[in-house]
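Presented below is the structure to which this report refers.
Throughout, read-outs are computed from the coordinates displayed, never taken from laboratory work. As the structure is a computational prediction, the values presented were derived from the model and not from experiment. We place every Cβ from the backbone using ideal geometry, glycine too, and count neighbours over all the protein chains shown.
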Amino acid sequence: MKGIALIDWTNKTGFFTIMQYPQTLITEEEVMRIGSIHRMRYLEPSFITLNLKNYKVASFYSGMKTSRWVIEPNYVISLILEPEENAEAYSEILPIASLRILESIKNDTYKKTIPAVYEDIKLGRIIVRKDELLKIFPPKAEEKVDLTELKDLREKVKEQEGIIKMLQGMMEGKGDGSAPDVKNIAEIDMLKTRINMKNQKIEELKKKVSAAEMKSSRTSLLETRIRTMNADINEKERIIKELKDNIAQLKMGSSEQRVEGVNSEELANLKQTLREKNAIIEQLKSKIESGETDKLMISELHKDLEEGQGLSKYISL
């Protein structure tokens, strides 16, 4: 174990480091990547693992303010590990240990708490209690996904590959002992034809498997984007409410029309943004319900993700 990092998030800045102990190990770019992956996958409290250039990372997210969160929202506590360490080993330890750090943020004692928590984790002094874990990660009804078709396709591929192997063994006289050597040229030609047909069938089945997996991936990506945009709308609505309150106060206590005009313009812009976001969400919901996929959008999403830009692009508020 190399260190621990406390990361915060604001609407203006995004994710940024508050403190790293015992020394600075990860860059602000890596901090942004850790936080973005959390927000991309889950808006509620979550644990993830990932690989950076020189380290492994085990990381806990306290949850988004407009979703469910524990103690203090929008904080990330990350353990920086050696490349050979098992990050999954901290899946219960880190969330429990993070509760102390989140509590210390409330009374501004985190600078003393973080080193103490780090040493407790390092020395194996963190006690994991199931009741505390259930408060962080309450049980959810598992989503049932029908994977019967995908399973059947994979079994068919395996069966066809077994047949090909047997036929090739017969042609080479290397069967399992139950099949005789094949010397007749006509029979060999027939076997070759059957093998070619089986190969074609396998390719067709593999394409169906790939299509089924891609459909599942696309649906998940669309649903994630909808959840993120809903959170975006909630945040914008909160800002609009604050602006309305400010405008009301300005109208009552000030005659500076210039300030009032600026706030009114910002309010109008935010309302327009909300209308656009709502329209996009309705389109995405319609596509998911109908089973359609927007190939161009999915292509752009995958391209962004591959270039390492999509995470922040689709989750920043």
message = Using the basic label-point model (7 angstrom from Cα toward the beta carbon), what is the Lys12 to Glu84 distance in nanometres?
response = 4.6
key: Sparse-neighbour loop sites [trypsin sites (Lys or Arg not before Pro); the range 1-65; at most 10 other C-beta within 10 Å; DSSP]   = Lys12, Lys53
ask   = For the cross-link pairs Lys2/Lys130; Lys53/Lys112; Lys53/Lys206; Lys65/Lys271; Lys165/Lys207, which exceed 25 Å when the distance is taken from alpha carbon to alpha carbon?
value = Lys2/Lys130; Lys53/Lys112; Lys53/Lys206
query = Which of Thr10, Thr273, Thr17 comes first, and how do the rest follow, when ranked by fewest Cβ neighbours within 10 Å?
reply = Thr10, Thr273, Thr17
message = For the pair Gln283/Ile163, report the inter-label distance in nm, with labels modelled 7 Å from Cα in the Cβ direction.
response = 4.6
key: the range 3-136: relative contact order as a whole-number percent, Cα under 8 Å and 6+ apart   = 22
query = Using 0.36 nm per residue, how much length does the chain from Lys206 to Asp120 gain when fully extended, once their Cα-Cα distance is taken away?
reply = 26.0 nm
query = Exposure proxy check: Trp9, Trp69 ranked by fewest other beta carbons within 10 Å?
reply = Trp69, Trp9
task = Could you list Phe16, Phe60, Phe47, Phe137 in order of exposure, starting from the residue whose Cβ has the fewest other Cβ atoms within 10 Å?
result = Phe16, Phe137, Phe47, Phe60
